[in-house]
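Notes for the one structure printed next.
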Amino acid sequence: MSQSIDFDLDLINRYNTAGPRYTSYPTAVQFHEGFGAERYAEIARETNASGRPLSLYFHIPFCDTVCFYCACNKVVTKDRTKAKPYLDRLYKEMAMQGALFDKNRPVTQLHWGGGTPTFISHDEMTELMGKTAEHFGLLDDDTGEYSIEIDPREVDDSTLGLLRKLGFNRISLGVQDFDEKVQKSVNRVQSESLVLGVLEEARSLGFRSTSVDLIYGLPHQDRKTFGDTIEKIIKVDPARISVFNYAHLPDRFKPQRRIEEEALPSPGEKLAMLQQTIQQLTEAGYVYIGMDHFAKPDDELAVAQRDHTLYRNFQGYSTHSNCDLVGLGSTSVGVVGNSYSQNHHDLEKYFQCIDDGKLAVFRGVELDADDVLRRDVITRLICHFELAFEDVEKVHGIKFTDYFARELKELKPMEDDGLLKVSGNTITVQPAGRLLIRNICMTFDRYLREATEQRFSRVI
Ligand SMILES: C[S@@+](CC[C@H](N)C(=O)[O-])C[C@H]1O[C@@H](n2cnc3c(N)ncnc32)[C@H](O)[C@@H]1O
Ligand code: SF4
């Protein structure tokens, strides 16, 4: 399949509406507090019959300093002793979670995210991985996808070597932008040499698929400055690059109130930056995986997209689709059996649950057959940009054209606009539709439809 992408400004402007990113379906809006720890534990035990591999996500919420743009769940503190009481709870949670899952289920995927996972000391990192091995079946042959988010300011000479020894084989590096003025305006100052040094060291230590995070839409950015950052990144040749769109929502994310609004690029300049970035990256040989992500054509993600084995969940794209995802730590989301579950965001509440000997799940949702079917359709479209009706029919026992008659009709205007093609029994997203994949997926979102219908009837 072709992995090309077209930037069509007219279409982008016309379809530029807010919409979910579909890291889950149903989305977090449908999570409710009627789903709690007890039901989660029942479902978790039931999944043992499948013997499916596990994916573990650990949330380490601490950061030494705040980046003003940040929308992540974090606790900003200079006090490194704060890590210990948190990790003690994490170990207790791990013991409770580990008891639910058969130990012989291999952990094929593991991720430390944050916050800043390397905020914790080297001894604490070693202890955390050691405790994980006590409760779960970690792989020791480097065949798993074991990844960690790295803030280049938070690693010293021996950190990466230690992480490699502990079993990590992938890193993603928070770069955001190289321009000094931009860095100062968002309180994220890090030198180019620091970033490049970390990338080089990761490569020499044998980390696979190093990934770099960038953000466009920050104060003082324009095509020239951001174009320079992209050029510099292309030169160091990471396997994957994420280019996130900065959404300025100061009412929701407090640190963003410290961002100088007058210095933000206009919506037009932002789109021009995106267009230029796509051009620079595709000319340098990267392919667009979807939803802000680019990868080298021989990278596992790009290969999996072509083979139709790519998968997407809360941690982004992955090649391990057949896992139950266990979320550990505050805020973490689990995807176990046909359910989503989420731990308390608030550290005090998280601590309280664990101290009471209970899991910290405070909300979630169980999927019915329609949810499972629609999740499958949305995942296939987002990951493969293609969907064969027959593949869905085989798994879910439906007749696609009957079940989705309404949706197929609604796709017609998008087809007329050149976003996709429905031919025979296949939907194929066209190069001009790839940046608008969310809009295509939104057609299959039952909850969005119901919300729109409700709004409509209220208006009448
Ligand atoms: C949890 S952070 C990464 C780990 C580490 N704390 C760091 O900053 O390097 C994950 C990534 O989310 C992205 N991010 C955070 N806030 C964002 C926002 N408001 N808009 C777009 N991307 C954002 C950044 O690119 C960041 O590298
Ligand atoms: S971007 Fe990373 S380091 Fe900065 S505040 Fe957010 S989580 Fe912390």
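Return yes or no: is residue 63 surrounded by 15 or more Cβ atoms within 10 Å (Cβ to Cβ) and either on the phi > 0 side of the Ramachandran plot or in contact with a Pro (Cβ under 9 Å, 6 or more places away or on another chain) (or both)? No; evaluated as a whole, the condition is false for this residue.
Summed over the stretch 160-197, residues that are in a strand (DSSP E or B), under 17 Å from residue 229 (Cβ atoms) and aliphatic (A, V, I, L, M) total 2.
Here residue 83 fulfils each of the conditions (1) more than 16 Å from ligand 1 (Cβ to nearest atom); (2) more than 30 Å from residue 181 (Cβ to Cβ) apart from (1).
Of the candidates 435, 359, 381, 420, the single residue that is at pLDDT below 95 and crowded, with 19+ Cβ neighbours inside 10 Å is 435.
Mind checking whether some residue in the stretch 6-17 is within 16 Å of ligand 1 (Cβ to nearest atom) and in contact (Cβ under 8 Å) with a residue 60 or more places away in the chain? Please lay out each step first, then the result.
Taking the stretch 6-17 as the starting set, the residues that turn out to be within 16 Å of ligand 1 (Cβ to nearest atom) are none.
So far as the stretch 6-17 goes, no, none of its residues is within 16 Å of ligand 1 (Cβ to nearest atom) and in contact (Cβ under 8 Å) with a residue 60 or more places away in the chain.
The single residue among 90, 56 that is under 27 Å from residue 383 (Cα atoms), surrounded by 20 or more Cβ atoms within 10 Å (Cβ to Cβ) and away from ligand 2 (no atom under 16 Å from the Cβ) turns out to be 56. Taking the criterion of being away from ligand 2 (no atom under 16 Å from the Cβ), modelled with pLDDT of 95 or more and either within 22 Å of the chain's Cα centre (by Cα) or part of a strand (DSSP E or B) (or both), the residues of the stretch 209-233 that qualify are 230, 233. Answer with yes or no whether residue 51 is in contact with a strand residue (DSSP E or B) (Cβ under 7 Å, 6 or more places away or on another chain) and assigned by the TED database to the domain that holds residue 181. It is false that residue 51 is in contact with a strand residue (DSSP E or B) (Cβ under 7 Å, 6 or more places away or on another chain) and assigned by the TED database to the domain that holds residue 181. Scanning the stretch 134-155 for residues that are away from ligand 2 (no atom under 16 Å from the Cβ) and either in a loop (DSSP other than H, G, I, E, B) or more than 30 Å from residue 183 (Cα to Cα) (or both) yields 134, 135, 136, 137, 138, 139, 140, 141, 142, 143, 144, 145. Among the residues of the stretch 170-195, those identified as in contact (Cβ under 8 Å) with a residue 40 or more places away in the chain and within 30 Å of residue 130 (Cα to Cα) are 170, 171, 172, 173, 175, 194, 195. Taking the criterion of being part of a helix (DSSP H, G or I), surrounded by fewer than 22 Cβ atoms within 10 Å (Cβ to Cβ) and either within 15 Å of ligand 2 (Cβ to nearest atom) or of a type outside the set (A, V, I, L, M, F, W, C) (or both), would at least one residue in the stretch 106-115 satisfy it? Within the stretch 106-115, none of the residues are part of a helix (DSSP H, G or I), surrounded by fewer than 22 Cβ atoms within 10 Å (Cβ to Cβ) and either within 15 Å of ligand 2 (Cβ to nearest atom) or of a type outside the set (A, V, I, L, M, F, W, C) (or both). Residues that are hydrophobic (A, V, I, L, M, F, W, C), within 22 Å of residue 145 (Cα to Cα) and away from ligand 1 (no atom under 16 Å from the Cβ): does the stretch 19-39 have at least one? No, the stretch 19-39 contains no residue that is hydrophobic (A, V, I, L, M, F, W, C), within 22 Å of residue 145 (Cα to Cα) and away from ligand 1 (no atom under 16 Å from the Cβ).
Within the stretch 86-96, one or more residues are of a type outside the set (A, V, I, L, M) and within 16 Å of ligand 1 (Cβ to nearest atom). Based on this model, can you work out whether residue 61 counts as away from ligand 1 (no atom under 16 Å from the Cβ) and assigned by the TED database to the domain that holds residue 259? It is false that residue 61 is away from ligand 1 (no atom under 16 Å from the Cβ) and assigned by the TED database to the domain that holds residue 259. Annotation note: of 131, 84, 78, the sole residue that is of a type in the set (D, E, K, R), surrounded by fewer than 20 Cβ atoms within 10 Å (Cβ to Cβ) and part of a loop (DSSP other than H, G, I, E, B) is 78.
For the stretch 74-87, filtered to residues that are among the charged types (D, E, K, R) and either touching a residue at least 12 places away in the same chain (Cβ under 8 Å) or closer than 30 Å to residue 261 by Cα (or both), the residue that is nearest to ligand 2 (Cβ to nearest atom) is 74. Look at the stretch 56-73: where a residue is without any contact (Cβ under 8 Å) to a residue 60 or more places away in the chain and a partner is near ligand 1 (Cβ under 9 Å from one of its atoms), sitting 6+ places away or on another chain with Cβ atoms under 6 Å, you get 62/115; 62/119.
Here the stretch 172-208 is the region considered, the condition is being among the aliphatic types (A, V, I, L, M) and surrounded by 18 or more Cβ atoms within 10 Å (Cβ to Cβ), and the residue that is nearest to ligand 2 (Cβ to nearest atom) is 186. Can you tell me which residue among 256, 280 is part of a helix (DSSP H, G or I), crowded, with 19+ Cβ neighbours inside 10 Å and of a type outside the set (Gly, Ala, Ser)? Result of the check over 256, 280: 256. Being away from ligand 1 (no atom under 16 Å from the Cβ) and either surrounded by fewer than 20 Cβ atoms within 10 Å (Cβ to Cβ) or touching a residue at least 60 places away in the same chain (Cβ under 8 Å) (or both) holds for only one residue in 123, 156, and it is 123.
Within the stretch 196-232, the set of residues being without any contact (Cβ under 8 Å) to a residue 24 or more places away in the chain and under 28 Å from residue 248 (Cα atoms) comprises just one member, 224.
The values are calculated or read from the model by the stated rules, or taken from the named source; none is laboratory data. Here the structure is a predicted model, which is why all the values come from computation and not from measurement. Backbone-built Cβ (ideal geometry, glycine too); neighbour counts: all protein chains shown.
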